[in-house]
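Inspection log for the structure reproduced underneath, given as structure tokens.
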Amino acid sequence: MNIEKTNAFEEAIKSYSQEFRDIGLIIDEQPDRLHEFTDLASVQLLSRMMIPSEYNDHPFIINNTKFYGLTCIERVIGTEWLSYGDAGVVVGCPGPSLSGIIIQDFADEQQKEQYYSKLLSKPCWTFFALTEPNKGSDAMHIETNMKKVNACDGQRLLNGEKYFIGNGTRAEIGVVFARTTTGPIGIEMCLIEKDSDGFSAEALDTLGLRAPKLSRLTFQNVRINEEQIIGRHLSPLKRGMHGAITVFNKMRPTVAAMALGVSQATYDYMITNKKNLSLDQQQKLEHFQNELITTRNLIRQAALEVDINPRNGYVGSIAKVRATSLVKQITQYALDLFGEGAFFEHPYLNKWFRDAFAFENMEGTSNILKLNIFQSYMNGKISYV
């Protein structure tokens with residue numbers, strides 16, 4: 001995407017952020033009401049992003065250029081400004097989300113048809129089920145398993161549970177990671193619909209980003225056919241574990257962009273609503289302004305790197321560490337700036353502060369990402385940090 005098209009896309013996507021802002025507090029209080037707003041232009045736009053051209057006859061069109069949200073740079077720009085409206089609504093919206101990366105990169109034509117046909121027929125939520133209560137998002141040590149029932153027909157039984165799964169209770173279809181044997185090539189991905197026997201979902205109570213209704217998924221002898229195994233046409237080395245790494249590398253800059261959108265919203269709120277700033281306060285806001293610019297440049301550089309080579313995940317790791325640190329700092333400072341009672345007198349600051357801490361746990365915590373950055377440095381992929 002060239003500079004001119006990028007700027008046009010960015011200006012156009014900004015105009016949709018207010019719709020998300022208008023419903024953000026409502027959905028935070030009552031997540032189930034999100035279904036009432038699926039006719040909004042902003043929700044429909046997001047729900048069709050990341051659907052390839054061969055299935056998507058309603059892309060986002062700006063100056064005769066079609067945007068499908070298939071590149072990381074498109075996603076980070078779009079996500080930043082929609083999150084400027086409300087990050088919770090962004091994560092809670094119907095559409096492909098994380099599972100869409102798996103389908104786009106690893107699914108066969110039959111699976112793509114099954115998946116995308118659901119998303120195009122009506123507002124449809126999806127899920128990406130990797131994280132577990134005992135192992136987090138460590139794909140190498142997941143306990144959910146798929147064991148063959150009959151070696152002849154390839155049928156398997158899926159058993160286990162997943163935790164903190166976005167839109168798990170409202171999703172109609174999604175991707176589940178499970179172990180079939182030991183070792184890194186023993187991880188498989190399967191495509192599951194919500195009406196599968198033995199599949200259940202329950203919502204969890206959360207403090208921030210309440211719109212996606214983070215959920216616990218349980219699988220008890222869920223029958224999986226060979227046709228549901230994603231990447232079955234690929235080498236075992238190019239699916240499963242490779243799929244998890246690909247998703248995290250491609251979506252980590254997007255999570256950073258979410259955090260940046262909330263940071264920018266908080267900064268603008270302070271500038272607009274706080275008068276008679278002291279010199280120290282003015283200097284602090286100038287510092288945050290510079291941090292916003294620097295972090296935005298870093299995130300977009302990470303996105304461009306990933307679009308060139310999805311294995312370049314270390315730049316996204318740096319961007320996410322920087323963005324999640326910034327959003328926690330700036331939302332905390334905003335509450336301090338407005339003084340006692342700010343948490344109750346300024347509902348948006350209340351929400352942004354709570355949402356800020358959720359980004360830390362999405363697509364890798366800062367400690368894990370710093371380890372990734374350190375390993376990249378030691379391996380010579382980057383010369384400085």
Could you state the angle between the C-alpha long axis of helix 3-14 and the longest principal axis of the C-alpha atoms of the chain, as a value from 0 to 90 degrees rounded to the nearest 10? 80 degrees
Given a 1.4 angstrom probe, what's the average accessible area per residue across the chain, in square angstrom? 45 Å²
Whole-Hz Karplus couplings 3J(HN,Hα) for the stretch 309-317, θ = phi - 60° and coefficients 6.51, -1.76, 1.60, Gly and Pro as x, run 8, x, 7, 7, x, 5, 5, x, 5
So what's the angle, to the nearest 10 degrees on a 0 to 90 scale, between helix 109-121 and the longest Cα principal axis of the chain? 50 degrees
Starting from the Cα of Asn134, step 7 Å toward the Cβ, then list every residue of the stretch 141-165 with an amide N under 15 Å from that point. 141-146, 159-163
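So what is the calculated 222 nm ellipticity per residue for the chain, using -39500 (n - 2.57) for each DSSP H run with n of 4 or more, over all residues, to the nearest 500 deg cm²/dmol?
Details: 12 runs with 193 residues, N = 385.
Calculated at 222 nm, the ellipticity per residue is -16500 deg cm²/dmol.
So which of Lys135/Lys162; Lys66/Lys238; Lys162/Lys320; Lys250/Lys370; Lys250/Lys320; Lys162/Lys328 end up more than 20 Å apart by C-alpha?
Long pairs (Cα-Cα over 20 Å): Lys66/Lys238; Lys162/Lys320; Lys162/Lys328.
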Where labels lie 7 Å past Cα in the beta-carbon direction, separation of Thr218 and Asp57 in nm: 4.3 nm
Given Cα pairs under 8 Å that are at least 6 residues apart, what percent is the relative contact order of the chain? 16 percent
Please give the residues of the stretch 318-340, grouped as numeric ranges, whose backbone N is less than 17 Å from a label point set 7 Å along the Cα-to-Cβ vector of Leu207. 325, 327-336
Under 5 Å between amide hydrogens, which residues at least 5 positions from Val222 or on another chain qualify, with H placed 1.01 Å from N in the peptide plane? Leu158
Taking the 0 to 90 degree range and rounding to the nearest ten, how far is the long axis of helix 366-378 tilted relative to the main principal axis of the chain, both from C-alpha atoms? 80 degrees
In sequence order, what are the phi-derived ³J(HN,Hα) couplings for the stretch 209-225 according to the Karplus relation 6.51 cos²θ - 1.76 cosθ + 1.60 with θ = phi - 60°, rounded to whole Hz, with x for glycine and proline? 6, 7, 4, x, 6, 3, 9, 10, 10, 10, 10, 10, 6, 6, 6, 10, 8
Kindly state, to the nearest 0.05, the FRET efficiency for Phe344 paired with Asp39, given R0 = 35 Å and r defined as their beta-carbon distance. 0.60
Return the sequence-ordered ³J(HN,Hα) values of the stretch 168-175 in whole Hz as given by the Karplus equation 6.51 cos²θ - 1.76 cosθ + 1.60 applied to θ = phi - 60°, using x for Gly and Pro. x, 7, 10, 6, 9, 7, x, 10
I'd like the carbon and sulfur percentage of the solvent accessible area for the chain, probe radius 1.4 Å, heavy atoms only, ligands and nucleic acids excluded. 49 percent
1/(1 + (r/R0)^6) with r = Cβ-Cβ of Ser278 and Ser325, R0 = 25 Å, i.e. FRET efficiency to nearest 0.05, evaluates to 0.55
Over the chain, what is the percentage of antiparallel beta bridges among all DSSP beta bridges, to the nearest 5? 85 percent
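The values are calculated or read from the model by the stated rules, or taken from the named source; none is laboratory data. Please read these numbers as outputs of a predicted model, since none were measured by experiment. Reconstructed Cβ throughout: ideal geometry from the backbone, glycine too, with neighbour counts over all protein chains shown. Accessible surface is based on the protein model in full, side chains and every heavy atom, while ligands, DNA and RNA are left aside. Shrake-Rupley method; radii C 1.70, N 1.55, O 1.52, S 1.80 Å.
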